[in-house]
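Inspection log for the structure reproduced underneath, given as structure tokens.
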Amino acid sequence: MSDGNSNSSSNQMWGGRFAAGPSAIMEEINASIGFDKKLYAQDIAGSIAHATMLAAQGIITEADRDQIISGLKQIESEIESGKFEFSRKLEDIHMNVESRLATLIGPAAGRLHTARSRNDQVALDFRLWVKAEMQKTEKMLTGLIAAFLDKAERHAATVMPGFTHLQTAQPVTFGHHCMAYVEMFGRDRSRVRHAIEHLDESPIGAAALAGTPYPIDRHMTAKALGFREPTRNSIDTVSDRDFALEFLSIAAICAVHLSRFAEEIVIWTTPQFGFVRLSDAFSTGSSIMPQKKNPDAAELVRAKTGRINGSLIALLTIMKGLPLAYSKDMQEDKEQVFDAAENLELALAAMTGMVADMTVNEAKMKQAAGSGYSTATDLADWLVRTVGLPFRDAHHVTGRVVALAESKGCDLADLPLEELKAIHPEITEAVYDVVTVEASVASRKSFGGTAPDEVRKQIAWWRARN
């Protein structure tokens, strides 16, 4: 009979891949090399800058510096060629690189870690990675904006229904609709640029949390690594992940914007709407229904929003309530950012492709633009301007006109003049000049309005800044 202390019992308690007991669990929960190896280039660049500064300050010899840099470059080559063997027992990218460096160059490798800690080292690597990712995002947003500008320019005068509550509201142009997304993604790009400014400070030299007694030159390493300046508080430096949260916040907002247009593509490509058509490059068929053409790319862009939003919430929750300075909880920051970045890149690329690819059915859009008595507001405005009615009275008269058109099953422009006069005697034949969809959009000449000439002005303004 077992006393409960046998190896068999122990293995059952730990179970599965943790059969070795607590040490296996600790290795599993502590190791980050499975994902932070993505930071190898940043880690090596940071180490080269640090070694160069240490030698310049006389903290290590130039010979040690040269050995360290040579060894680091060899490691980088090994990683990029796929020859480097990552070890989970060495926990993370920093220790994997340091261990290999020691094998390559011997005792000089141990001098590299002078005047730094893994705390400021990981803060540096992660900042460098996020900065590069945001620069990539900025370029991709510029490309997406350009695609929308091209589409808007081509369709500056293409009439379509404008919606509120997904109900026909007033006629607009498709160019004007596209320019709404230019504004959205322009704000996203502006947020990216501001976020890059916020994180453009070098963490290296903050050490574990209190700085270092060595006579280092943090401005030198900051410049070498492309940062504006070094951070100004060592405690905040190693515990700050605002830059990651800002990136995720921007990614989430941008993903919402992408999702809104993706939803419109899904709606517009249905036979019931038929406003746009996507080529086979961005559509799939059905395994059972041969007539189907599904806007899968748009649907997947829409779905990516959930993953990206989830990453933001996850990191906000990880950082909530952490006492200063560094805590191991912060190791959980990277997977969220890596996943969000990958999915945002894919969504931006897919949307840029779909915007350029889509074919607009101008006739279907124009037909729909006049549905739902979309020019009723134009009639009310005409009654105010021409007849001199107060807007509330004009609104009431227009409501009666719409009711008449509904009872006759026709558009406002098809109502006979005598029937309009029966509702209000001062209505004249000039009213027919304002109740067509073309007249409606042409009249909206206010700054930022949907009139084709105004749309073209806004396109020109954005082209000069994109």
Restricted to the range 152-173, and to residues that are part of a strand (DSSP E or B) and of a type in the set (Ser, Thr, Tyr), which residue is surrounded by the most Cβ atoms within 10 Å (Cβ to Cβ)? 173
Looking at (1) assigned to a helix (DSSP H, G or I); (2) buried (at least 20 other Cβ atoms within 10 Å of the Cβ), can you tell me which one residue 326 breaks? (1)
Looking at (1) among the acidic types (Asp, Glu); (2) assigned to a loop (DSSP other than H, G, I, E, B); (3) in contact with a His (Cβ under 8 Å, 6 or more places away or on another chain), which is the only condition residue 43 fails? (2)
Looking at 247, 261 in this structure, which one is at pLDDT 95 or above, buried (at least 18 other Cβ atoms within 10 Å of the Cβ) and within 25 Å of residue 334 (Cβ to Cβ)? 247
Looking at 239, 190, 202 in this structure, which one is of a type in the set (Gly, Ala, Ser) and open to solvent by 20 Å² or more (accessible area, probe 1.4 Å)? 190
Filtering the range 92-119 down to residues that are touching a residue at least 40 places away in the same chain (Cβ under 8 Å), basic (Lys, Arg) and part of a helix (DSSP H, G or I) yields 111
Looking at 360, 337, which one is buried (at least 20 other Cβ atoms within 10 Å of the Cβ), at pLDDT 90 or above, under 43 Å from the mean Cα position of the chain (by Cα) and of a type in the set (A, V, I, L, M)? 337
Residue ID - nearest to residue 236 (Cα to Cα), chosen from residues in the range 101-126 that are open to solvent by 30 Å² or more (accessible area, probe 1.4 Å) and within 32 Å of the chain's Cα centre (by Cα): 119
Among the residues of the range 55-65, how many are open to solvent by less than 30 Å² (accessible area, probe 1.4 Å), closer than 14 Å to residue 109 by Cβ and not in a loop (DSSP other than H, G, I, E, B)? 1
Complete set of residues in the range 66-78 that are surrounded by fewer than 21 Cβ atoms within 10 Å (Cβ to Cβ) and touching a residue at least 12 places away in the same chain (Cβ under 8 Å): 69, 70, 73, 74, 76, 78
The residue from 182, 122 that alone is part of a helix (DSSP H, G or I) and in contact with a Phe, Trp or Tyr (Cβ under 6 Å, 6 or more places away or on another chain) is 182
Using the structure shown, decide if residue 85 is among the acidic types (Asp, Glu), in a loop (DSSP other than H, G, I, E, B) and open to solvent by 10 Å² or more (accessible area, probe 1.4 Å). yes
Spot the failing condition for residue 225; the list is (1) within 17 Å of residue 354 (Cβ to Cβ); (2) at pLDDT 95 or above; (3) open to solvent by less than 50 Å² (accessible area, probe 1.4 Å); (4) hydrophobic (A, V, I, L, M, F, W, C), and only one is missed. (1)
Return a yes/no flag: does the range 406-416 have any residue that is touching a His at 6+ places or on another chain (Cβ under 8 Å) and in a helix (DSSP H, G or I). no
So, in the range 417-442, how many residues would count as being in contact (Cβ under 8 Å) with a residue 60 or more places away in the chain and either of a type in the set (A, V, I, L, M) or crowded, with 18+ Cβ neighbours inside 10 Å (or both)? 6
When (1) at pLDDT 95 or above; (2) closer than 25 Å to residue 226 by Cβ; (3) of a type outside the set (Phe, Trp, Tyr); (4) out of contact with any Gly (no Cβ under 7 Å at 6 or more places or on another chain) are applied to residue 101, the one that fails is (4)
Out of curiosity, is residue 79 of a type in the set (A, V, I, L, M, F, W, C), over 21 Å from residue 129 (Cβ atoms), in a helix (DSSP H, G or I) and out of contact with any strand residue (DSSP E or B) (no Cβ under 8 Å at 6 or more places or on another chain)? no
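The values are calculated or read from the model by the stated rules, or taken from the named source; none is laboratory data. All figures in this text were calculated on a predicted structure; none of them were measured in a lab. We place every Cβ from the backbone using ideal geometry, glycine too, and count neighbours over all the protein chains shown. Ligands, DNA and RNA are stripped out before the accessible areas are found, and what is left, the full protein with its side chains, is counted by its heavy atoms. Shrake-Rupley method; radii C 1.70, N 1.55, O 1.52, S 1.80 Å.
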